[in-house]
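Remarks on the structure that follows.
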Amino acid sequence: MRFVIRRFLLFVAALLAISVVIFAALRILPGDVASVMAGLNAPPERVEQLRSQMGLDRPLIVQYFTWMGGLLRGNFGTSLLTGRSISSTVAMRASVTFPLIVLGLVVALAIGLTLGVVATLATRPAVRSAFHFVAIVGGAIPALWGGLLLILLFGRGTGLLGILPSQGFPEAGWGSFGSALASLVLPALTVGIIDGASLMRYTRSALGDVMNSGYMDQAMACGYTRRQAALKVGLRLATPQLVSVVGLMFAGMITGVMVIENLFALPGIGAGLVTDLGNRDLIAVQSELFMLAAFFLFVGFLVDLLHRFLDPRLKHAVQGGAQ
Amino acid sequence: MSTNSGAYGENDATDNKTTGTNENETATNASGDAANAAGGSMNASDHNANAAGGSADAGDSSANADAHNNSSVKAEDSAGSTDETLNAHVKGASGGKAGNGKKKGWIWAIIAAVVVVALIAAFVVIRNNQKASIAPAQVHTADSVTIGLKLAPTNLDIRNQSGSSLDQVLVGNVYEGLVARDSNNKVVPGLAKSWEKNADGTSYTFHLNRGMNFSNGDKLDASDVAWSINELMVKHYHDSESLMNFKSVMATDADTVKLDLTAPYANLLWELACRPGLVFDKNANYDMKTQAVGSGPYTVAKFVPNDSITLKANPKYWGEHKAVTPTIVLRYFGDDNAAVNALKSGDVQVLAPVTENLAEPFVKDSEHYRVAAGDDTDKYVLAMNSKGAKTSDVRVRQAIRYAIDHKQLIASRGGADKPLGGPIPSLDPGYQDLTGLYPHNVDKAKALMKEAGYTPDHPLELRLTYANTYGTELGDQLRSQLKPIDIDLKVNVVEFSTWLQDVLKNKDYDLSMVDHNESHDFSQWTQDTYYYNYSNQKVKDYYNQAMAASSDSQRDALLAKAARVVSEDAPADWLFNYRITTAMKNGVTGFPLNLNQTLLPLYNVRYMTPVK
């Protein structure tokens with residue numbers, strides 16, 4: 001329990017630190033939302049008028065504490081530009097991004113775990129190096145290029161097979177469930193294949209380590225074949241390591257899908273963040289970045305907890321170290 | 001069309017689901033088989049392990065209960081039927097290499113999955129083809145048309161937010177002005193059916209149409225007109241500064257509005273056809289950033305910032321431009337390739353603009369698409385800081401103008417754009433062809449550079465700063481075109497906000513490039529404080545005289561004179577007058593080609609699916 005509390009306090013402290021960094025970093029950027037709103041031909045007085053209307057002329061420290069005060073009350077603020085509540089905008093964008101990364105993760109897990117296990121168990125050197133090659137090449141594909149290839153293969157209207165939509169999200173959102181899901185298939189495949197390749201390497205190396213350990217000899221001594229031992233004992237032993245990787249991968253995907261969302265014209269978090277930043281809608285950007293950072297840290301927090309739960313040895317190690 | 005694509009979507013999704021399940025099932029089965037096979041081979045090949053199999057019961061704490069049970073059952077099975085499993089293994093081994101028996105399960109699983117996916121894909125393709133071949137043989141007018149555009153508005157607040165994307169969507173479609181403009185950029189009647197001005201041009205009287213109303217049912221009369229213009233001026237809304245010499249506006253009766261000026265202003269009517277003349281409901285209470293209450297043929301049904309706007313026909317519309325298509329969806333594509341894909345796949349029926357080079361496939365496929373270019377007032381201005389350390393020398397600026405090969409620039413973009421030798425484009429008053437002032441002449445440019453003190457050994461280093469919305473090609477081309485005249489151009493592509501700060505506000509630049517798409521914007525050249533840093537009293541005088549002119553022809557002649565002076569001074573080079581290329585499906589009618597990035601009347605747009 002003490003571990004959980006300590007870990008949670010660390011999480012909160014990191015969040016606070018990040019909020020300051022985000023706020024400060026955005027203030028260094030040249031340009032502001034008032035000049036974007038006012039446009040090219042506006043007289044300077046109009047820009048100033050807009051700045052003061054939006055409270056941008058107040059001292060930075062006041063702006064920071066106003067923002068933090070809002071956050072503490074669960075109010076992420078209102079976008080200066082769109083006039084919409086930031087939390088509802090993010091929720092709307094997340095309804096595209098989250099299903100996308102969950103689908104992507106499913107694809108990555110299916111590819112990465114399966115091929116990773118197969119690659120570990122492969123005995124012939126040729127097969128092993130083939131898998132190795134696939135993993136390296138797969139992991140090295142730039143998301144943009146991979147996505148374009150998939151569009152060329154499957155994209156409706158453009159692709160060879162022309163079976164899947166490659167642009168945008170349906171007007172009705174998840175209201176038209178089929179179309180919404182269909183529009184996420186290609187982006188999810190793009191994310192999944194690339195991350196799957198990296199996951200395959202991790203799986204192979206984690207499982208490989210376990211395979212060389214005494215546990216395997218023990219398992220095989222107990223009557224398991226090498227394959228049985230790998231699947232039933234090895235995977236279980238490698239799980240904590242893989243959970244960390246998958247957790248970080250999941251968190252990383254949120255930011256990683258920016259390119260994918262732009263390519264497939266999806267109105268998700270990544271694409272939205274790019275636009276908001278371009279427009280210098282700083283209140284929106286700082287809240288969005290903060291939420292992403294919180295999410296990232298939270299996943300790390302969960303992974304740590306899960307790690308300990310999955311691998312009781314860590315608990316003893318920590319306690320042993322403390323004594 | 002929308003129903004069709006919806007159906008496609010659902011099918012695709014179902015297919016995918018099926019694929020997923022199949023794969024999973026196959027994988028599970030295969031792994032089961034593999035495990036069995038492995039058990040078999042282990043029995044045969046490793047007697048020690050087999051013998052130890054019994055001791056698994058004694059308890060392997062790391063294996064879970066199920067696995068443990070299974071394995072013990074298997075161990076018992078195999079112990080009970082050693083001969084059978086042995087035989088099975090021998091059979092397997094005789095069919096192939098003994099060592100590979102283990103891998104086969106996986107390989108077969110992958111092959112099976114690939115086959116299943118391929119079969120489903122083939123099935124879908126064949127069915128789609130069949131669908132296409134049995135299309136109904138009559139003309140169908142779509143209830144909904146989707147239009148792909150490029151620059152997205154971030155909110156709907158047309159009184160505060162700059163950007164032509166708002167004018168494009170809202171002016172004439174949702175909000176209407178006192179007067180309007182047509183596709184040739186000329187003023188035509190709007191909410192006012194007629195008007196007259198007094199002899200010295202300082203007082204205008206507008207006679208309004210009768211029976212007008214807003215989409216919420218409120219009556220629209222002269223009091224709304226006067227209130228809207230007063231609010232604009234008092235609250236300094238966007239573009240209020242363009243109503244020069246404004247004195248007062250009042251409703252003399254329900255159908256008449258009188259607008260007084262302190263001095264004549266020749267652009268007044270045209271300005272009133274844009275944002276300053278828009279009429280809002282003085283009694284309506286709504287959030288202008290997210291909603292719109294206007295009197296036009298359409299209402300905003302849904303607005304997703306940076307993504308799409310859905311317009312629905314206004315059932316209470318009062319005028320002649322009644323919407324032909326009930327629903328118009330405007331979708332925004334930041335990425336040009338994405339936009340082209342959307343047109344190809346039928347997700348949009350019109351694309352405006354489309355990059356000319358990317359429109360190639362549509363030009364070739366005239367059976368299904370139509371590609372056309374329209375005139376616009378976009379001027380790609382290469383500004384040269386008139387007070388810059390290096391560009392204040394007029395010889396340098398002139399040399400740059402001589403060195404730029406406009407024909408080549410235009411050709412590399414596909415060839416639709418027009419050369420433009422000065423600050424006024426052909427759709428604006430005062431236009432004259434000034435392309436002869438600085439014809440492409442590298443020798444002359446070199447001579448000027450030499451005179452200014454720059455040689456191949458001592459080249460001039462200049463920074464070109466522009467916003468990333470224009471891509472990198474233009475910068476690269478300019479760099480290579482200026483290289484022969486001993487200019488070493490450093491191209492600096494920045495975010496728009498950074499550009500606003502560094503160039504527009506701080507004037508910290510040598511060269512900059514912007515697409516100035518505003519119409520009637522010559523006054524830029526009369527403002528000393530504008531980022532060009534340009535100042536010429538003669539130009540100001542001509543311009544002021546033009547604005548005070550009593551007739552349009554007098555105004556145009558004076559503007560033309562002013563434009564010539566500006567062009568001669570070379571405070572900028574006008575790279576080209578951008579022309580909008582629009583690509584659309586055959587069957588789309590009523591879509592405006594001219595000016596459609598700032599003025600896009602949609603009431604007449606219709607999409608009829610072609611007859612098979």
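The values are calculated or read from the model by the stated rules, or taken from the named source; none is laboratory data. Source: prediction; values computed, not measured. A quick note on method: Cβ atoms are made from the backbone with ideal geometry, for glycine too, and the neighbour counts reach across all protein chains shown. Heads up: the accessible areas ignore ligands, DNA and RNA and are worked out on the full protein's heavy atoms, side chains in. Shrake-Rupley method; radii C 1.70, N 1.55, O 1.52, S 1.80 Å.
The figures follow:
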{"item": "Rounded Å value of the spacing that divides the Cα centres of the range A:79-145 and the range B:224-251", "result": "55 Å"}
{"item": "At least 30 Å along the helix axis (C-alpha) and Kyte average at least -0.5, DSSP helices within chain A", "result": "A:2-28, A:86-121, A:177-211, A:235-263, A:282-310"}
{"item": "Cα gyration tensor shape for chain A, rounded if a/c is under 1.5, else prolate or oblate", "result": "oblate"}
{"item": "At least 30 Å² of accessible area lost relative to the chain alone, listed for the range B:323-341 with a 1.4 Å probe", "result": "B:331, B:338, B:341"}
{"item": "Protein accessible area in the range B:385-518, 1.4 Å probe - carbon and sulfur %", "result": "47 percent"}
{"item": "Ratio of the Cα radius of gyration of the range B:410-526 to 2.2 N^0.38 Å, where N counts its residues", "result": "1.18"}
{"item": "Per-residue average of Cβ from other chains inside 10 Å of A:213-225", "result": "6"}
{"item": "Residues losing 10 Å² or more accessible surface upon assembly, the range B:138-163, compared with the chain by itself, 1.4 Å", "result": "B:154, B:155, B:160, B:161, B:162"}
{"item": "Solvent-accessible area per residue, Å², over the protein assembly as shown with all protein chains present [probe radius 1.4 Å]", "result": "43 Å²"}
{"item": "Mean Cα-pair separation over length for the range B:300-376, i.e. relative contact order, pairs under 8 Å, 6 or more apart, %", "result": "18 percent"}
{"item": "Area accessible to solvent at residue B:381, 1.4 Å probe radius, in Å²", "result": "0 Å²"}
{"item": "Cβ-based charge dipole, the protein assembly as shown, positive-most Cα from B:386, B:148, A:205", "result": "A:205"}
{"item": "For residues of A:123-134, the mean tally of beta carbons on other chains within 10 Å", "result": "1"}
{"item": "Residues losing 10 Å² or more accessible surface upon assembly, the range B:295-313, compared with the chain by itself, 1.4 Å", "result": "B:302, B:303, B:304, B:305, B:306, B:307, B:308, B:310"}
{"item": "Estimated 222 nm signal from helices in the protein assembly as shown, with DSSP H stretches of n ≥ 4 weighted -39500 (n - 2.57), rounded to 500", "result": "-16500 deg cm²/dmol"}
{"item": "Among A:183, A:19, A:35: highest mean-square fluctuation, GNM of chain A, C-alpha pairs under 10 Å", "result": "A:35"}
{"item": "Largest to smallest accessible area among B:143, A:195 [probe 1.4 Å]", "result": "B:143, A:195"}
{"item": "Interface burial for A against B (accessible surface, 1.4 Å probe, total of both chains, Å², rounded to 100)", "result": "5900 Å²"}
{"item": "Rg/Rg_globular for the range B:135-251, with Rg_globular taken as 2.2 N^0.38 Å and Rg from C-alpha atoms", "result": "1.33"}
{"item": "Charge tally in the Cβ shell below 14 Å around residue B:282, where Lys, Arg are +1 and Asp, Glu are -1, residue B:282 excluded", "result": "-2"}
{"item": "Distance between modelled label sites at residue B:450 and residue A:218, nm, 7 Å Cα→Cβ extension", "result": "8.9 nm"}
{"item": "Alpha carbon convex hull of the protein assembly as shown, volume per residue in cubic angstrom", "result": "211 Å³"}
{"item": "Peptides A:263-275, A:140-152 ordered by average Cβ neighbours within 10 Å, highest first", "result": "A:263-275, A:140-152"}
{"item": "Kirkwood-Stokes translational diffusion coefficient of the range B:212-256, alpha-carbon pairs, 25 °C, 0.890 mPa s, µm²/s", "result": "212 µm²/s"}
{"item": "Residue-count net charge about residue A:90 - beta-carbon cut-off 15 Å; Lys, Arg +1, Asp, Glu -1", "result": "-3"}
{"item": "Percent accessible area from carbon and sulfur atoms, chain A, protein chains only, probe 1.4 Å", "result": "72 percent"}
